[in-house]
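This report refers to the structure that appears directly beneath it.
The values are calculated or read from the model by the stated rules, or taken from the named source; none is laboratory data. Treat the numbers as computed from the prediction; the structure is a model and nothing was measured. Glycine also receives a Cβ, built like all others from the backbone with ideal geometry; neighbour counts cover every protein chain displayed. Only protein heavy atoms, including side chains, enter the accessible area calculation; ligands, DNA and RNA are left aside. Shrake-Rupley method; radii C 1.70, N 1.55, O 1.52, S 1.80 Å.
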Amino acid sequence: MRIKEVGSIFFFFACVTAFETSYLSRSRLILQQKKTSYCSPIASSEWKSDFDDFSDSDDDDDALLFSELFETQTKKVENKDISFSELIETQTKKVENKDISGCRARRFILGEDLILSDFAGSLGFDEVTDWEYYYEGDDGEDRKVVQPNPMSSDQPKRTRQSSGSVVRIFRGEFVGRLGGTLGARGLDRRVLIKEFSGKLALDLAEAELISIGRLQSDMVEGVSDRAKTGTWLKTASSRSVNSNQDDQNVCRLKNELLNSPFLGILGEVNLAELEDEWDFNEFYRAMSVKPPKPGAIWIVYEYAGLTSLQAYCQSPEVRRSKIPPKRGFFGLVAPPLLPDWTKRAAYVKEIMRQSLSSLKFIHEAGISHRSIGRSSLLITSVDQDKAAASSIYATNPSKLVMKLADFGFSGPTEIADYDEDFQKRARVYGLSIQEGAAGEDALNFSQAEDLNALGVVFITLLLTTLSEIGDKNPQSTQPATDEDSIQRLLTDIFDKDMLQFRDYVAAEEMWDNVVDYLDINRGWELLDELCFAREHVKEGNMKTAEDLLNTGFFRFVTTVLY
């Protein structure tokens, strides 16, 4: 029996998940990112965030390895071999590259416009490869694909390889006149800063700037005539002489981003004039990490906290058990009881609704995310305390804001058909997508990949946050609910039958309420449309994010009391 690896794609996870505490600046929070090889009908992209599985050393040897892997993904374009990153750059020129918000042109001065507060963590990658097993025919061409035993570790369908840190994250805040202007308007002065260093990281930064630039352009185009006519962009480009006017634009942009469905970009830090002035010792004493490397870029994002669904997707009873008791007048006081289950369920439904709305927004803007996972969905609040929305006691949907982040591997849907790996993945689902012949199948399949990823996230969210452990030990072993396990159950074990998966969930007493809730609200129909969106493209009945927002699950109001 032979084994074959077919196709590959990178996935980027740039969201730091952490509790916002004073010791965070001394933590080394490491996230993983995946490059997935698709090779069989049941293979699909997987998303997972892990803080402990790889080293955060600063020698970047592993990061260099992944950069080399990235650069060797080649494709024939006009009879010339070019790297994957060059391919994306070449094809991106074919589409409109909007940036009327000025995020790519604006340069902030460190010390004058903003300062660093602390080091928040590092970002890394996973290479996730799906394998196809087959017997080769006598003629060397015909082959019979075989499905290995899903319980066997000798013939894995998916393998992983981790990298070291590639991108560093800092927290900071605006100061000076800009900081004062923001404070006078009641806007948050805090920002998140990502440092992209090295060929691979710079390619990721470029993709993120292009995609978010387009999203922000669509957002501000309808609210500001000055932005629409290009004044914002011109002012951002000449910030050194028009900083007063640009400060006003930054304030307007931050205000519009408060409830935006994605993590917005405000600009970059002007590092060019600082490269010869870095005091290594002073920077290390302040941040406990090395200063930026030559050629690095620092992108400045709005501050939406540091908590993603990766941290939120846990049993609330387990999270409650980890809260230390407080000392009261009569001794130690246990943490408050959890809110009513129906209130928590309504809150989780709002998380799902806003997450799907975020996907709808970027798809309508012509962007495919390509790396959706729990780590790329930030759960934040309209209030100053961004972590409040991820509390186990949070049940007020009006305070909740969900934001899509990590657009390092996103791109315009118009050029998806130029990606050879995209064509191969589509071929697995019976679609023939030709290079340069962008059509409805290419558009739908690029969106379906995002919908599939979000569907798996939704299942994980429901089975963790709404589970009822009851009298069981909160620390006892629970059924696996990570994305890897959910994908394996849906595809390998239950052969893409959502009803069989429902029966599996119903067999666990801790999920009784979840099953009833989804039964009553037609939730299984929603999950089926999401998780098997790629199959529905070939069938000609795929539902878009907009279609799914109008389904029964989001229209019905639960009337059953548990």
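Here are the numbers for the structure shown:
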read-out	value
Spacing of the two label points (7 Å from each Cα toward its C-beta) at ASP512 and ALA184, in nm	6.1 nm
Pairwise Cα inverse-distance average, inverted: Kirkwood Rh of the range 277-342 (Å)	17.2 Å
FRET efficiency, 1/(1 + (r/R0)^6) with R0 25 Å, evaluated for GLU273 and LYS293 via beta carbons	0.95
Contact order relative to length of the range 179-314, as percent, for alpha carbon pairs under 8 angstrom and 6 or more apart	38 percent
Segment GLU539-GLN147, length gained on full extension (0.36 nm per residue, minus Cα span)	138.8 nm
Relative contact order, percent, the range 316-413 [alpha-carbon distance under 8 Å, six or more residues apart]	30 percent
Computed FRET value (nearest 0.05) for ILE115 with ASP492, which takes r as the C-beta separation and R₀ as 60 Å	0.75
Packing-based order for 366-379, 395-408, using average beta carbon neighbours within 10 Å, highest first	366-379, 395-408
Whole-number D in µm²/s for the range 169-248 (Stokes-Einstein; Kirkwood sum over Cα pairs; 10 °C, 1.306 mPa s)	108 µm²/s
Within the range 348-447: Cβ-based charge dipole about Cα centre, in debye rounded to nearest 20 (Lys, Arg +1; Asp, Glu -1)	540 debye
Given charges at beta-carbon only (K, R positive; D, E negative), |dipole| of the range 384-542 in Debye	400 debye
TYR429 - accessible surface, heavy atoms, 1.4 Å probe, Å² rounded to 10	20 Å²
Spatial separation of Cα centroids for the range 218-265 and the range 416-459, in angstrom	33 Å
Euclidean distance between Cα centres, the range 279-357 to the range 496-528, Å	28 Å
Proportion of all alpha-carbon pairs of the range 499-541 beyond 18 Å (%)	34 percent
The range 309-409 - Rg and Dmax from Cα coordinates, angstrom	16.4, 60
Long-range tail of P(r) for the range 378-462 (Cα pairs > 22 Å, %)	46 percent
Solvent exposure ordering (accessible area, 1.4 Å, most first) of TRP511, TRP524	TRP524, TRP511
Percent of C-alpha pairs per 10 Å bin, the range 227-356, short to long	9, 22, 22, 23, 17, 7, 0
Ranked packing of 537-548, 260-271, most packed first, by mean Cβ within 10 Å	260-271, 537-548
Dimensionless Rg/Rh of the range 422-562 - Kirkwood Rh, Rg from C-alpha atoms	1.03
By average C-beta atoms within 10 angstrom, highest first, the peptides 447-456, 205-214, 230-239, 340-349	447-456, 205-214, 230-239, 340-349
Rounded to the nearest 20 debye, dipole of the range 460-545 from Cβ charges on Lys, Arg, Asp, Glu	300 debye
Gyration tensor verdict on the range 370-414 (Cα atoms; rounded if a/c is under 1.5, prolate if a/b is larger than b/c, oblate otherwise)	prolate
J(HN,Hα) series, the range 528-539, from Karplus relation 6.51 cos²θ - 1.76 cosθ + 1.60, nearest Hz, glycine and proline x	5, 4, 6, 5, 10, 4, 5, 5, 5, 4, 5, 6
Rounded, prolate or oblate (a/c below 1.5 giving rounded, otherwise prolate when a/b exceeds b/c) for the range 223-282 by Cα gyration tensor	oblate
Pairs beyond 20 Å (Cα-Cα), from LYS424/LYS538; LYS157/LYS496; LYS98/LYS424; LYS234/LYS403; LYS360/LYS543	LYS98/LYS424; LYS234/LYS403
